[in-house]
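Participant: Below is a structure I'd like to ask you about.
The values are calculated or read from the model by the stated rules, or taken from the named source; none is laboratory data. Because the structure is a prediction, the values reported are computed rather than measured. Note: ideal-geometry Cβ built from the backbone for every residue, glycine included; neighbour counts use all protein chains shown. To get the accessible areas, we keep the full protein, side chains included, count just its heavy atoms, and leave off ligands, DNA and RNA. Shrake-Rupley method; radii C 1.70, N 1.55, O 1.52, S 1.80 Å.
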Amino acid sequence: MTMWNMEKVTLVTNNDRVYEKYREDMEVLLLDSYRDVLLKVRDLVYDRHILLTHPQASSLKPNQTPYRSIMVYPKGEEDNMKDIMLIEKCIETYDQWQEIAATPHNYQKSVAEDFKTIDLSVIENIVPRLM
């Protein structure tokens, strides 16, 4: 089993609850939107990082939730072509879903908090497995 140095992990999110919980443990980048998260992760993957979490983790479609958190890790010499292809496909899928039915921008606060909780729980389930 691979042990990951949590200080080298980058967590890219647009969920302030994820940011607050993990900002002391690893580098956390808090961005404005789900799409911003995907684009930043793409940039990191092209800059020799590997995906530690799937960009579309959870059962929610990309237009159902406004929140996404993705963890990446510097890859060293490891080939990350599959991660490059995956993040590109996820951006394409996100854009296609937005064309079908854009994510609402005016969720009730309680509904938005529920989406934040789902996103946070995905990360909370992954972090112990990385340590």
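Participant: Report relative contact order for segment 28-114 in percent, whole number only (criteria: Cα-Cα under 8 Å, sequence separation at least 6).
Facilitator: Details: 84 pairs, mean separation 30.6, N = 87.
Across segment 28-114, relative contact order equals 35 percent.
Participant: For segment 32-114, report the accessible area per residue in Å² (1.4 Å probe, heavy atoms, rounded to an integer).
Facilitator: On the way: 4690 Å² over 83 residues.
Value for segment 32-114: 57 Å² per residue.
Participant: Please report the net charge: other residues with Cβ closer than 12 Å to the Cβ of ILE91, K and R +1, D and E -1.
Facilitator: Numbers: positive: ARG35, LYS40, ARG42, ARG68, LYS89; negative: ASP36, ASP43, GLU88, GLU92, ASP95.
Its environment carries a net charge of 0.
Participant: Considering only protein heavy atoms and a probe of 1.4 Å, how much of the accessible area of the chain is carbon and sulfur, as a whole percent?
Facilitator: On the way: 3730 of 7440 Å².
Ligands and nucleic acids excluded, carbon and sulfur reach 50 percent.
Participant: Could you work out the helix-only [θ] at 222 nm for the chain, with each DSSP H run of four or more residues adding -39,500 (n - 2.57) and the total divided by the number of residues, to the nearest 500 deg cm²/dmol?
Facilitator: -15500 deg cm²/dmol
Participant: Can I ask one more? Among 99-110, 60-71, how do they line up by average Cβ neighbours within 10 Å per residue, starting with the highest? Show your work: numbers first, answer last.
Facilitator: Working: 99-110: 9.9, 60-71: 21.2.
Per-residue Cβ counts within 10 Å, averaged per peptide and sorted highest first, yield 60-71, 99-110.
Participant: Could you list log10 I(q)/I(0) for the chain at q = 0.11 Å⁻¹, which the Debye formula gives when each Cα is one point scatterer?
Facilitator: -0.36
Participant: Averaging the inverse of every distinct alpha carbon separation and then flipping it gives the Kirkwood radius. What is it for segment 66-123, in angstrom units? Present the calculation step by step, with values, prior to reporting the outcome.
Facilitator: Values: mean 1/r = 0.0722 Å⁻¹.
Here the Kirkwood hydrodynamic radius works out to 13.8 Å.
Participant: Also: Restricting the count to DSSP beta bridges whose residues both fall in the chain, what percent are antiparallel, rounded to a multiple of 5? Don't skip to the answer; put the middle values down first.
Facilitator: On the way: 7 of 11 bridges.
Within the chain, antiparallel bridges account for around 65 percent of the total.
Participant: Considering only the other residues whose Cβ falls under 11 Å of the Cβ of GLN56, what net charge follows from Lys and Arg at +1 and Asp and Glu at -1?
Facilitator: Working: positive: LYS61, ARG68, LYS89; negative: none.
Within the 11 Å Cβ shell, the charges total +3.
Participant: Still on this structure: Taking the highest mean first, how do the peptides 22-35, 72-85 order by number of other beta carbon atoms within 10 angstrom per residue?
Facilitator: Values: 22-35: 15.9, 72-85: 13.9.
Most protected by this proxy first, the peptides run 22-35, 72-85.
Participant: Turning to a different aspect of this structure: I want the local charge near ASP119. Using Cβ-Cβ distances under 12 Å, sum +1 for each Lys or Arg and -1 for each Asp or Glu among the other residues. Please list the in-between numbers first.
Facilitator: On the way: positive: ARG17, LYS21, ARG68, LYS116; negative: ASP16, GLU113, ASP114, GLU124.
Overall, the nearby charge balance is 0.
Participant: Next up: Peptides 124-131, 47-54: what's the order by average Cβ count within 10 Å, highest mean first? It would help to have the intermediate numbers written out before the result.
Facilitator: Values: 124-131: 12.8, 47-54: 17.2.
Put in order of decreasing packing, that is 47-54, 124-131.
Participant: Right, next: Quick one: if the Förster radius is 35 Å, what FRET efficiency do SER110 and GLU7 give, using the C-beta to C-beta distance and rounding to 0.05? Could the numbers behind the result be given before it?
Facilitator: On the way: r = 35 Å, r/R0 = 1.01.
It comes to 0.50.
Participant: A follow-up question, please. For LYS75 paired with GLU92, estimate the spin-label separation in nm (one decimal), with each label point 7 Å from Cα along the Cα-to-Cβ line.
Facilitator: In this crude label model, LYS75 to GLU92 measures out at 1.8 nm.
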